[in-house]
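We did not get these values from a lab; they are worked out from the coordinates using the rules stated. None of these values were measured; they are calculated from a predicted model. Methodologically, a virtual Cβ is constructed for each residue, glycine included, from the backbone with ideal geometry; neighbour enumeration extends over all protein chains shown.
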Amino acid sequence: MRIVRAVNHYIVWCLFLSFAYGGLWNMPYEKGESATNTLFSTFSVAPKHLDPVRSYSANEWAIIGQIYEPPLQYNYVDRPYRLEPLTLMRMPEVTYLDENGTLCDENSTRVAYSRYHLQLRPDIRYQDHPAFVKHSDGTLYYGKLQPSLLSSISSVWDLPKRASREVRAEDYAYAIKRMAVRAYHSPVLDTMRPYIVGLDSFSKQISQIAQIKHQAHRPLDLRAYTIEGVKVTGKRSLEITIHGKYPQFLYWLAMNFFAPIPWEADLFYQQEGLRAKNISLDTSPVGSGPYYLALSDPNRKMILKRNRHFHTEYYPGMEKTELNRLPFIDRVVYTLEKESIPMWNKFLQGYYDASGISSEAFDQAVEIGSSGSMGLSDTMKRKGIRMIGSVEPSIFYMAFNMEDPVVGGYSESAKKLRQAISIVQDQEEYISIFMNERGVAAQGPIPPGIFGYVLGEAGTNRVVYDWVNGKRVRKSLAYAKRLLAEAGYPDGIDPQTKKRLKLYYDTTATGPDDRALMDWRRKQFAKLGIDLVIRATDYNRFQDKVRRGKVQIFSWGWNADYPDPENFLFLLYGGNAVVDTGGAGINSSNYKNPVFDRLFEEVKSMENTPQRAKKIVRMVHIAQEDAPWVWGVYPKSLVLVHHWFTQVLPHAMANNTLKYKCIDPKERVAKQQMWNQPVYLPLLIIGGAILLLGWWLYKLYEKRQRRTIRERR
């Protein structure tokens, strides 16, 4: 009986507290956090590299783009995309030299070198960091951390002393030197080696020195070494000399690879004790951007906070007042969300400020008009949600490892096998089922909006499509099967095993949402009688296998780093093959065609002329014929943002866009309160039912007690 009374008292007390509390029961943040000037966002894949020399993935650049500052940036509002100074006083001045180092005209045939003159702003400073704390003699205060101190820290922010300093020209030179060290696996080293004068020989020299230093457990201080084509001419002035003419070099100066690296941070992080704790530039970056990484927990949460030393910068086109000074947001919280449905629900509740649109949520968010146009659903409109859409200069593709003995190689049979597989990969069906029509079937490596992309019949991949009545029509299954038979696999039978040909597809698709996609992949290969074996793994392991050439077939994507066809064609350039560059290259399919490579060498330094366009068309035709990729999809981007999240513009080139965006936390809190009020009625009904049950049990108990007493009498 005491138990029944205790339960009843507990329920009554819970009901009282529920009414008295009045807060949001499902709030995922700490009390009051939503009311601060904080952006709440998500990430689905843990970043592996936050070191700007190594990082080359979109999920990593979304973070380090807010921390590091290369010399140039893209104007946030101007279209077409336009470069502008970021840490420079003005755009780099370019002079042209002949073989003797004598100045010559830009259009002269004698041009052998281009020299870029960079002049830094005087107000660029690094974030506060323990690496900048020094003794009176200039040595690092934390340069030799003792075991007793190391044992008490788990991040750099556990060290009590911090300092800052001005960004100097030598820091930009230091970053290029780090790029040259093979052990750091910079993915752009082999792209830059033919351009920056002396970088190739310096890379060979410094990589050997780095190996010796590492074996001796000694730090590598790059200040003692110089690159011929990289000269510090003053505290804030730098010259970079490249071979020949390469107009696209300015685009590279807007990328994180050329962001400054202070020698103090490099030496600080080379300490063995910090490496053992996984504290490095890969996990704890040091930059001069508007934000710094205050919390690095890639398995749970990443937090950016405002850098109090950030230089003066204003929103483009606005009056230069304190109200328009960047950044507008004080803090950014990225939460790991591995599955799309929980993330989507939290967005609808107002707990995330922006969201993509998953396939599961598409019908709820978007309405397709009779003309095929996309618009927001009434439900989204009533919530004040806005949709921001754009065609991305990107490509998602399926790649064959050209080093593989089955699907690789350049024989006619190998080409026909890849062509047959390409035909049966129904990209139109894929776009309809898995992308809700948010994409265009790719015809080659260059997406729309990039010079060299060709529309209509002239741009059609004739290996996979026919042009019928003004439209692209995918070649028939019968034709694909004929190609497969000519490749030596009639009806998909492997002549060596006398069984169905078995191919292997490596992927990071390990979640429950990916099962349907993997089933679809198998069905495409099954059309030819080929068995597809799925080998799923995590993203870091997947990257490692690709870089070592230990894959057969895999899917990947590429977002344009700069608006030039070279940025896509170099993904197929033989000199960038990952197996030949120790995993540092960006040609993950290891495709090597000597004619394609020769044409690439020619077009990469040309202006956008008809002659360049003609050569690019030929390159695309060669790649279409060799079929190192199933060309896949050019995606269309759709992003939903709440009404309180403003100044959000689509920008496919820039990565440092957080500083331009605004949050109205008051409106956010009001909408969260409106959309997430607790519903008490079910609790009251359940509580009442339990109370009634308790009362009934109590009456039964009393009745039984009275009967027992009477029987005893």
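If I histogram all Cα-Cα distances within the range 104-151 using bins 5 Å wide from 0, what percent of pairs lands in each bin?
Final binned percentages: 5, 13, 11, 12, 10, 8, 8, 8, 7, 9, 5, 3, 2.
Project the alpha carbons of the range 476-523 onto their principal axes and report the range along each, largest first, in whole Å.
Projected onto the principal axes, the Cα atoms of the range 476-523 cover 37, 27, 13 Å.
Could you give the size of the charge dipole of the range 52-277 about its Cα centre, using +1 on the Cβ of each K and R and -1 on the Cβ of each D and E, expressed in debye and rounded to the nearest 20?
Values: 28 positive and 24 negative charges, 106 e Å.
In debye, rounded to 20, the range 52-277 gives about 500.
List the relative contact order of the range 172-286 as a percent without decimals, with contacts defined as Cα pairs under 8 Å and 6+ residues apart. Let's see the in-between values first.
Details: 117 pairs, mean separation 35.2, N = 115.
Reported relative contact order: 31 percent.
Quick one: plug the Kirkwood hydrodynamic radius of the range 449-504 (C-alpha pairs) into Stokes-Einstein at 4 °C, 1.567 mPa s, and report D in µm²/s. Could the numbers behind the result be given before it?
Details: Rh = 13.7 Å.
Approximately 94 µm²/s, per Stokes-Einstein.
Could you tell me which residue out of CYS662, ILE616, GLY688 lies farthest along the dipole of the range 581-713 toward its positive end? Charges go on the beta carbon: Lys and Arg +1, Asp and Glu -1, centred on the Cα centre.
GLY688
Name the residues whose placed amide hydrogens come within less than 5 Å of the amide hydrogen of ARG168, ignoring near sequence neighbours (fewer than 5 apart) on the same chain.
none
Distances longer than 24 Å among the Cα atoms of the range 325-451: what percent of all pairs is that?
Numbers: 4160 of 8001 pairs.
I get 52 percent for the Cα pairs in the range 325-451 exceeding 24 Å.
Whole Å is fine, so just give me how far the alpha carbon centre of the range 238-265 lies from that of the range 563-599.
Centre-to-centre distance over Cα atoms comes out at 21 Å.
How far is the Cα center of the range 386-407 from the Cα center of the range 307-336, in Å?
34
Principal axes first, then extents: for the Cα atoms of the range 394-637, list largest minus smallest coordinate on each axis, whole Å, largest first.
Principal axes ranked by extent give 52, 48, 37 Å for the Cα atoms.
Shape call for the range 593-687 from the C-alpha gyration tensor, a ≥ b ≥ c root eigenvalues: rounded (a/c under 1.5), prolate (a/b greater than b/c) or oblate? Could the numbers behind the result be given before it?
Details: a/c = 6.08, a/b = 2.61, b/c = 2.33.
Prolate is the answer for the range 593-687, as a/c is 1.5 or above and a/b outweighs b/c.
List the chymotrypsin sites (Phe, Trp or Tyr not before Pro) in the range 173-269 that DSSP assigns to loop (not H, G, I, E or B) and whose Cβ has at most 16 other Cβ atoms within 10 Å. Which are they?
Values: sites: TYR174, TYR184, TYR195, PHE202, TYR225, PHE249, TYR251, TRP252, PHE257, PHE258, TRP263, PHE268, TYR269; in loops: TYR195, TYR225.
In loop regions of the range 173-269 (DSSP not H, G, I, E or B), the sparsely surrounded chymotrypsin sites (Phe, Trp or Tyr not before Pro) are TYR225.
In what sequence do LEU83, LEU295, LEU189, LEU700 fall when counting other Cβ within 10 Å, fewest first?
Neighbour counts put them in this order, fewest first: LEU700, LEU295, LEU83, LEU189.
When all C-alpha to C-alpha distances in the range 549-650 are sorted into bins of 5 Å, what percent of pairs does each bin hold, rounded to whole numbers?
For the range 549-650, the pair-distance distribution reads 2, 10, 19, 21, 17, 11, 7, 6, 5, 2, 0.
Report the per residue volume, in Å³, of the convex hull enclosing the C-alpha atoms of the range 39-105. If you can, show how the numbers build up before the last one.
Numbers: hull volume 11.7 nm³, N = 67.
Spelled out: Cα convex hull of the range 39-105, divided by residues, is 175 Å³.
Calculate the translational D of the range 570-610 in whole µm² s⁻¹ from Stokes-Einstein, where the hydrodynamic radius comes from the Kirkwood formula applied to all Cα pairs, the temperature is 25 °C and the viscosity 0.890 mPa s.
Working: Rh = 10.6 Å.
Calculated translational D: 232 µm²/s.
Taking just the alpha carbons, could you work out the radius of gyration and Dmax for the range 210-369, both in angstroms?
21.9, 67
Convex hull over the alpha-carbon atoms of the chain: what's its volume per residue in Å³? Intermediate values should be presented prior to the final figure.
On the way: hull volume 179.7 nm³, N = 713.
Spelled out: Cα convex hull of the chain, divided by residues, is 252 Å³.
What's the Kirkwood radius of the range 423-475 in Å, using all Cα pairs?
Values: mean 1/r = 0.0839 Å⁻¹.
Computed over Cα pairs of the range 423-475, the Kirkwood hydrodynamic radius comes out at 11.9 Å.
Packing-wise, with mean Cβ within 10 Å as the measure, how do 555-565, 571-581 rank, highest first?
On the way: 555-565: 19.4, 571-581: 21.2.
Highest mean packing first, the order is 571-581, 555-565.
Hey, fewest Cβ within 10 Å first, where do VAL641, VAL188, VAL94 land in order? Kindly include the intermediate steps, with their values, before the conclusion.
Values: VAL641 18, VAL188 21, VAL94 15.
Exposure proxy ranking, most exposed first: VAL94, VAL641, VAL188.
Compute the long axis of helix 681-712 from its Cα atoms, compare it with the longest principal axis of the Cα atoms of the chain, and write down the angle in degrees, 0 to 90, nearest 10.
Taking Cα atoms only, the helix is inclined about 40 degrees.
For the range 403-548, report the convex hull volume of the alpha-carbon atoms normalised per residue, in Å³, without decimals.
Numbers: hull volume 21.8 nm³, N = 146.
Normalising the Cα hull of the range 403-548 by residue number yields 149 Å³.
Output ³J(HN,Hα) for the range 301-307: one whole-Hz value per residue in order, computed from phi by the Karplus curve 6.51 cos²θ - 1.76 cosθ + 1.60 with θ = phi - 60°, and x for Gly and Pro.
Per residue, the Karplus-derived 3J(HN,Hα) values read 7, 10, 10, 9, 10, 4, 7 Hz.
Let's see if you can work this out: charge +1 on each Lys and Arg Cβ, -1 on each Asp and Glu Cβ, no other charges. What is the dipole magnitude of the chain about its Cα centre, in debye to the nearest 20? Before the final figure, lay out the partial values.
On the way: 93 positive and 74 negative charges, 646 e Å.
Dipole of the chain, to the nearest 20 debye: 3100 debye.
Can you tell me the order of 362-369, 416-423 when each peptide is scored by its average per-residue count of other Cβ atoms within 10 angstrom, highest first? Provide the component values of the computation, followed by the final result.
Details: 362-369: 15.0, 416-423: 24.2.
Going from most to least packed, we get 416-423, 362-369.
Beyond 28 Å, what share of the Cα-Cα pairs of the range 69-206 remains, rounded to the nearest whole percent? Write out the running numbers ahead of the final one.
Details: 4006 of 9453 pairs.
For the range 69-206, the fraction of Cα-Cα distances above 28 Å is 42 percent.
Can you tell me the 0 to 90 degree angle between the C-alpha axis of helix 199-215 and the longest principal axis of the chain, rounded to 10?
Around 50 degrees separate the two axes.
Rounded to the nearest 0.05, what FRET efficiency is calculated for ARG275 and SER413 with R0 set to 56 Å and r the Cβ-Cβ distance?
On the way: r = 48 Å, r/R0 = 0.86.
Once rounded, the FRET efficiency stands at 0.70.
Going through the range 245-314, which trypsin sites (Lys or Arg not before Pro) have at most 11 other Cβ atoms within 10 Å and a DSSP loop state?
ARG300, ARG308
Counting other Cβ atoms within 10 Å, keep those with at most 15, restrict to DSSP loop, and tell me which GluC sites (Glu not before Pro) in the range 421-525 are left. Walk me through the numbers on the way to the answer.
Numbers: sites: GLU428, GLU429, GLU437, GLU457, GLU486; in loops: GLU437.
Counting only loop positions with at most 15 other Cβ atoms within 10 Å, the GluC sites (Glu not before Pro) in the range 421-525 are GLU437.
Do any of LYS177/LYS204; LYS31/LYS346; LYS346/LYS671; LYS481/LYS636; LYS31/LYS671; LYS177/LYS213 go past 23 Å between their Cα atoms, and which? Kindly include the intermediate steps, with their values, before the conclusion.
Working: LYS177/LYS204 12 Å; LYS31/LYS346 17 Å; LYS346/LYS671 13 Å; LYS481/LYS636 32 Å; LYS31/LYS671 16 Å; LYS177/LYS213 16 Å.
Table pairs above 23 Å Cα-Cα are LYS481/LYS636.
Can you give me the long-range amide H partners of ARG500? Hydrogens built in the peptide plane at 1.01 Å from N, cutoff under 5 Å, separation of 5 or more residues or another chain.
Answer set, sorted by chain and number: ASP494.
Can you put ASP514, ASP506 in order of Cβ neighbours within 10 angstrom, beginning with the fewest? Mind dumping the intermediate values first?
On the way: ASP514 15, ASP506 21.
Fewest to most other Cβ atoms nearby, the residues stand as ASP514, ASP506.
What's the ranking of 598-607, 351-360, 493-502 by average number of surrounding C-beta atoms within 10 Å, highest first? All intermediate terms of the calculation are to be shown ahead of the outcome.
Details: 598-607: 16.4, 351-360: 19.1, 493-502: 13.3.
Answer by packing, highest mean first, reads 351-360, 598-607, 493-502.
With each run of n ≥ 4 DSSP H residues scored as -39500 (n - 2.57), what mean residue ellipticity at 222 nm is computed for the chain after dividing by its residue count and rounding to the nearest 500 deg cm²/dmol?
On the way: 22 runs with 224 residues, N = 713.
That comes out to -9500 deg cm²/dmol.
On a 0 to 90° scale, report how tilted helix 515-526 is relative to the longest principal axis of the chain, with both axes built from alpha carbons and the result rounded to the nearest 10.
The angle comes out near 50 degrees.
What's the magnitude of the charge dipole for the range 219-323 around its Cα centre, counting Lys and Arg as +1 and Asp and Glu as -1 at the beta-carbon? Answer in Debye, nearest 20. Don't skip to the answer; put the middle values down first.
Details: 13 positive and 11 negative charges, 39 e Å.
Once rounded to the nearest 20, the dipole reads 180 debye.
Roughly how many Å is it from the Cα centre of the range 643-662 to that of the range 93-132, as a whole number?
For the range 643-662 versus the range 93-132, the Cα centre distance is 30 Å.
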